[in-house]
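In what follows, a single structure is set out as structure tokens and then discussed.
The values are calculated or read from the model by the stated rules, or taken from the named source; none is laboratory data. Just so we're clear, the structure is a prediction, and the values are computed from it rather than from any experiment. A quick note on method: Cβ atoms are made from the backbone with ideal geometry, for glycine too, and the neighbour counts reach across all protein chains shown.
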């Protein structure tokens, strides 16, 4: 049986907005195993963005516990959270979040700089992951010299470069046309097959269908958590 990577126990996240208390998440209990491919779905206000921020160690819960690879992230201070984000989590954003004046190679190397990896090792690791996303011939290009799909490939390579425990993709095709979206989702499927744990946060049913498990949120709670019996793959007949 695959090892548990994520375990949430009675996680709640409440915010104060003026005199009101917004209950973004209420008593979420959830586990995700190594090498699972999960989609988190829900309409605006469902709590999926709050849950993503907690899973990505960008926020801490009001109550409950979050274990990432056995470490209790819900009890960590800011420095510890920053370290676990760098080592354990690869982020893929809708808007790519690339440094505009840096080359693709330099953007991918950035997490390794923060991790204290030497320059020659940084270059070697960054070149390897860029090759894995078919961008060997674009390493020296800056983001404005790349297409949207190529920029997202750079972002995916950057997310992979530290060999993280989980890949967390927030609306990864939100800024891409439909053809490029299919290519990027195909790439994520290849990354999953290579053994990576992937969590895609999306409001699009078409994107969620690529995942092997779909968790739907509503009003800060899990509405359903089901295996996807009809996984979509590019080239598969409808």
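A few remarks follow.
- Residue satisfying condition, being surrounded by 15 or more Cβ atoms within 10 Å (Cβ to Cβ), part of a helix (DSSP H, G or I), in contact with a helix residue (DSSP H, G or I) (Cβ under 7 Å, 6 or more places away or on another chain) and in contact (Cβ under 8 Å) with a residue 60 or more places away in the chain, within set 156, 199: 156
- Scanning the range 70-85 for residues that are in contact with a strand residue (DSSP E or B) (Cβ under 6 Å, 6 or more places away or on another chain) and either under 14 Å from residue 25 (Cβ atoms) or in contact (Cβ under 8 Å) with a residue 24 or more places away in the chain (or both) yields a count of 1.
- Boolean, residue 24 is in contact with a strand residue (DSSP E or B) (Cβ under 7 Å, 6 or more places away or on another chain) and crowded, with 18+ Cβ neighbours inside 10 Å: yes
- Whichever residue in the range 176-196 is in contact with a helix residue (DSSP H, G or I) (Cβ under 8 Å, 6 or more places away or on another chain) and not in a helix (DSSP H, G or I) and, among such residues, is farthest from residue 152 (Cα to Cα): 196
- Qualifying residue in the range 88-101 (condition: assigned to a helix (DSSP H, G or I), within 27 Å of residue 162 (Cβ to Cβ) and out of contact with any helix residue (DSSP H, G or I) (no Cβ under 8 Å at 6 or more places or on another chain)): yes
- In the range 135-149, residue surrounded by the fewest Cβ atoms within 10 Å (Cβ to Cβ) [restricted to those that are farther than 15 Å from residue 97 by Cβ and touching a residue at least 24 places away in the same chain (Cβ under 8 Å)]: 140
- From the list 184, 117, the one residue that fits, being farther than 28 Å from residue 31 by Cβ and surrounded by 18 or more Cβ atoms within 10 Å (Cβ to Cβ), is 117.
- Scanning the range 206-229 for residues that are assigned to a helix (DSSP H, G or I) and touching a residue at least 60 places away in the same chain (Cβ under 8 Å), we see that the one that is surrounded by the most Cβ atoms within 10 Å (Cβ to Cβ) is 207.
- One residue stands out among those in the range 86-110 that are modelled with pLDDT under 90 and surrounded by 15 or more Cβ atoms within 10 Å (Cβ to Cβ): the one that is nearest to residue 207 (Cα to Cα), which is 94.
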